[in-house]
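K.L.:
Pasting in a structure now, in structure tokens, and then I'll have a few things to ask.
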Amino acid sequence: MKKVLSVLIIMIVALIVNTSISSAANCQDDQHAPKLFIGGGALSETMYMIFVTLAGPDAKLVVIPTASKGEPDVEKIKQLWQSRGIREVSVLHTNDRKVASSTGFTEPLRTATAVWFSGGSQQRIADAYIGTPVEEELYRLLERGGIIGGSSAGAAIMSRIMIMGGKSQPKISTGLDLMPGAIIDQHFLKRNRLSRLIAAVRTHPGLVGFGIDEDTSIIVYDNEYRIVGRSYVLRVELVEGAIKIDAFEDGDILPIADH
């Protein structure tokens, strides 16, 4: 009896995983390809596999681990992503802006179809790449139909007005302009960051805040946001002088016109 129950549990989990991946992938049939995959923190393998599916079977992935402290283990990173099904994986990393601006450093990005920003400190990413040819190549990748993903610091870096730290009051810095009109915060409910996102939106009333919790992501398409994952995304905006908060969960679709 116990063996039967174990088999049933495994089958149910497998069905849930496959349904989540298929649901996200099928969205590509209805509209243009996804542009961004923005994760809120620690992600399950199910979430990574959704990104892999969105990137496509012939993806050329560039992983940028610059948010992490210390030198990355390049071979380990490559093997990890290859084990997820992406055959062609490059690692792009430096903490030196001169290197980031040097001829040839951005070569992997010029032919890439997907980019992944690993977690750590978003300010490390900003210090290394904002205003360099790396930033320019990221925009070009999106223009030619590629996808950029990341979680934790890799999510925070995607908005130009970037929360780099702080508790109830945010410390603001400059990130990438991958998601115009937004401010992104992550580890949102787990680390109780609602007050700092509200403060950031009050300081920048023309922008909309998105607080993304653990193992949850926003997939950004041309005309809509799609929520996937096991927790919530909170949208925070200033409407006629008052803070308005909406919560969204797995399967919810938000027309971009709404924000």
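K.L.:
(1) within 23 Å of residue 210 (Cα to Cα); (2) out of contact with any Pro (no Cβ under 9 Å at 6 or more places or on another chain): which one isn't true of residue 163, the others all being true?
P.N.:
In the conditions (1) within 23 Å of residue 210 (Cα to Cα); (2) out of contact with any Pro (no Cβ under 9 Å at 6 or more places or on another chain), residue 163 misses (2) alone.
K.L.:
Could you figure out which of (1) among the basic types (Lys, Arg); (2) within 16 Å of residue 115 (Cα to Cα); (3) at pLDDT below 95 isn't true of residue 87?
P.N.:
Of everything listed in (1) among the basic types (Lys, Arg); (2) within 16 Å of residue 115 (Cα to Cα); (3) at pLDDT below 95, residue 87 misses just condition (3).
K.L.:
Same structure, new question: Within 20 Å of residue 35 (Cβ to Cβ) and aromatic (Phe, Trp, Tyr): does that describe residue 232? Give the derivation first.
P.N.:
Working: within 20 Å of residue 35 (Cβ to Cβ): no; aromatic (Phe, Trp, Tyr): yes.
Here the answer is no, as residue 232 does not meet what is asked.
K.L.:
A follow-up question, please. So which of 46, 94, 53 ends up being within 16 Å of residue 128 (Cβ to Cβ), among the β-branched types (Val, Ile, Thr) and at pLDDT 95 or above? Working first, answer last.
P.N.:
Values: 46 fails: within 16 Å of residue 128 (Cβ to Cβ); 53 fails: within 16 Å of residue 128 (Cβ to Cβ).
Unique residue meeting the criteria: 94.
K.L.:
Also, quick follow-up: I need every pair where a residue in the stretch 197-220 that is over 15 Å from residue 179 (Cα atoms) has its Cβ under 6 Å from the Cβ of a residue that is among the charged types (D, E, K, R) and surrounded by fewer than 20 Cβ atoms within 10 Å (Cβ to Cβ), sequence separation at least 6 or different chains.
P.N.:
Taking only residues 6 or more apart or on different chains, the pairs are 214/190; 215/230.
K.L.:
Just one of (1) surrounded by 17 or more Cβ atoms within 10 Å (Cβ to Cβ); (2) part of a loop (DSSP other than H, G, I, E, B) trips up residue 164, so point out which.
P.N.:
The failed condition is (2).
K.L.:
Right, another one. Could you please find all residues in the stretch 81-123 being among the β-branched types (Val, Ile, Thr), buried (at least 17 other Cβ atoms within 10 Å of the Cβ) and touching a Phe, Trp or Tyr at 6+ places or on another chain (Cβ under 8 Å)? Give the steps one after another, and end with the answer.
P.N.:
From the stretch 81-123, those among the β-branched types (Val, Ile, Thr) are 86, 89, 91, 94, 99, 103, 106, 111, 113, 115; that's our starting set.
Checking which are buried (at least 17 other Cβ atoms within 10 Å of the Cβ) leaves us with 86, 89, 91, 94, 106, 113, 115.
Residues satisfying the conditions are 89, 94.
K.L.:
Looking only at residues in the stretch 167-177 that are modelled with pLDDT of 95 or more and of a type outside the set (Lys, Arg), which one is surrounded by the most Cβ atoms within 10 Å (Cβ to Cβ)?
P.N.:
Let us first name the residues in the stretch 167-177 that are modelled with pLDDT of 95 or more, namely 169-177.
Now drop any that are not of a type outside the set (Lys, Arg), which leaves 169-170, 172-177.
Values: 169: 12, 170: 25, 172: 17, 173: 18, 174: 16, 175: 27, 176: 23, 177: 16.
That would be 175.
K.L.:
Follow-up. Working only within the stretch 227-259, note down all residues that are aliphatic (A, V, I, L, M) and touching a residue at least 60 places away in the same chain (Cβ under 8 Å).
P.N.:
Going residue by residue through the stretch 227-259, those that are aliphatic (A, V, I, L, M) are 227-228, 233-234, 236, 238-239, 242-243, 245, 247, 253-254, 256-257.
Within the stretch 227-259, 228, 233 qualify.
K.L.:
Looking only at helices (runs of 4 or more DSSP H) that lie completely in the stretch 101-147, which have at least 2 residues being under 22 Å from residue 174 (Cα atoms) and either within 17 Å of the chain's Cα centre (by Cα) or not basic (Lys, Arg) (or both)?
P.N.:
Filter on the stretch 101-147 gives 122-129, 133-143.
K.L.:
In this structure, does residue 78 turn out to be free of Cβ contacts under 8 Å to residues at least 24 places away in the same chain, farther than 18 Å from residue 43 by Cβ and buried (at least 17 other Cβ atoms within 10 Å of the Cβ)? Full working, then the answer.
P.N.:
Numbers: free of Cβ contacts under 8 Å to residues at least 24 places away in the same chain: yes; farther than 18 Å from residue 43 by Cβ: yes; buried (at least 17 other Cβ atoms within 10 Å of the Cβ): yes.
Yes: the conditions hold for residue 78.
K.L.:
What's the number of the condition residue 34 fails, among (1) part of a loop (DSSP other than H, G, I, E, B); (2) free of Cβ contacts under 8 Å to residues at least 40 places away in the same chain?
P.N.:
So residue 34 meets the others, but not (2).
K.L.:
Among the residues of the stretch 66-75, write down those that are closer than 18 Å to residue 157 by Cβ and exposed (fewer than 13 other Cβ atoms within 10 Å of the Cβ).
P.N.:
Step one: list which residues in the stretch 66-75 are closer than 18 Å to residue 157 by Cβ, which gives 66-69, 72.
Passing the criteria: only 69.
K.L.:
Filtering the stretch 178-209 down to residues that are within 12 Å of the chain's Cα centre (by Cα) and assigned to a strand (DSSP E or B), which residue is surrounded by the most Cβ atoms within 10 Å (Cβ to Cβ)?
P.N.:
Result: 184.
The values are calculated or read from the model by the stated rules, or taken from the named source; none is laboratory data. Everything numeric in this text was worked out from a predicted model, so none of it was measured. No Cβ is skipped: glycine too gets one built from the backbone with ideal geometry, and neighbour counts run over all protein chains shown.
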